[in-house]
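What follows is a short report on a single structure.
Any read-out appearing in this document is the output of simple, stated calculations on the displayed coordinates, not a laboratory observation. Fair warning: this is a prediction, and the values are worked out from it, not measured in the lab. Backbone-built Cβ (ideal geometry, glycine too); neighbour counts: all protein chains shown.
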Amino acid sequence: MAKEGLPFVLAGCGIILLFIFLGLAVPALFFCLITLFVLFFFRDPKRNSHLGAKAVLSPADGRILEVKQIPAEAHPLGQSGTKVSIFMSLFNVHVNRVPAKGMVREIQYRPGKFFAANLNKASEYNEQNRITLETADSRKLVFVQIAGVIARRIACWIKEGDAVEAGQRFGLIRFGSRLEVFFPPDSNIVITEGERVKAGKTALGYLS
């Protein structure tokens, strides 16, 4: 289980014990079900990938909302490229994973609104955390954690200057959210809209 879920589980267990002590079986059962869902939501399965050094792994479990070519003025790196957007529902694993091996060059947090994460305007207006990664061959990749209408907490466990591995756990967004990956030019995108992906296992594309 991801460590962010521990306070919720402990609180749920405390409430359950209180209701049991008071002899209130129905409320105790209700909070037991809620606590079981919290355990399910914060699950953190082991993942391994053997797709090669050039593969860009999905940073999140979920469904591909959009695969879009964007101009330089809309790209965080100031060059034309491809944006891949992933929607995580309440029922997906919410631990996020690094898409490629490299060095964390920059992390930019931006407060914002909380539109539904499956809407495109969430990319522009919602609270988000943007991470720029540089690979060993000097290719740059940007991936962004975006909060949703229910998610109000973005957790990021890496910092600028960290050397990271592909598939490494790097963060979590609570209760429904969105992840986006901005590819550099000449990348080979192999994913399509509507596909289901798994963090640290599914290749979104390959760097040239």
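Data overview
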| item | result |
| --- | --- |
| Cβ-based exposure ranking for ARG105, ARG97, in which fewest neighbours within 10 Å come first | ARG105, ARG97 |
| LEU51 paired with LYS159, simple spin-label distance in nm, labels 7 Å along Cα-to-beta-carbon | 3.0 |
| Point-to-point label distance, GLU193-ILE20, nm (Cα→Cβ direction, 7 Å offset) | 5.0 |
| Sparse-neighbourhood loop sites, chymotrypsin sites (Phe, Trp or Tyr not before Pro) in region 1-103 - DSSP loop, at most 13 other Cβ within 10 angstrom | PHE91 |
| Whole-number percent relative contact order across the chain, with pairs defined as alpha carbons under 8 Å at least 6 apart | 26 |
| VAL56 long-range amide H proximity, modeled H, under 5 Å | LEU204, GLY205, TYR206, LEU207 |
| Alpha carbon centroid spacing (whole Å) that separates region 76-95 from region 125-191 | 7 |
| Burial order of peptide ranges 183-190, 107-114, 154-161, 166-173 (average beta-carbon count within 10 Å, highest first) | 166-173, 183-190, 154-161, 107-114 |
| C-alpha long axis of helix 6-21 to longest principal axis of the chain, angle in ° | 10 |
| Cα-based helix-to-principal-axis angle, 25-41 vs the chain, degrees rounded to 10 | 20 |
| Percent of Cα pairs exceeding the 22 Å cut-off, where the set is the chain | 49 |
| Region 22-118: C-alpha gyration tensor shape, a/c 1.5 cut-off, then a/b vs b/c | prolate |
| Order of HIS94, HIS75 under a 10 Å beta carbon neighbour criterion, fewest first | HIS75, HIS94 |
| Cross-link reach list, lysines versus LYS46, counting only Cα pairs under 26 Å and skipping chain neighbours closer than eight places | LYS3, LYS54, LYS101, LYS159, LYS198, LYS201 |
| Only Lys, Arg (+1) and Asp, Glu (-1) charged, at Cβ; the chain dipole about Cα centre in debye | 300 |
| Candidate aspartates and glutamates - alpha carbon under 20 Å from LYS121, same-chain residues fewer than 8 apart omitted | GLU66, GLU73, GLU180, GLU193 |
| DSSP-assigned coil residues among GluC sites (Glu not before Pro) in region 176-208, each with at most 13 further Cβ atoms within 10 Å | GLU193 |
| Virtual paramagnetic centre 7 Å along Cα→Cβ of ALA136, amide N under 13 Å, in region 31-70 | 52-55 |
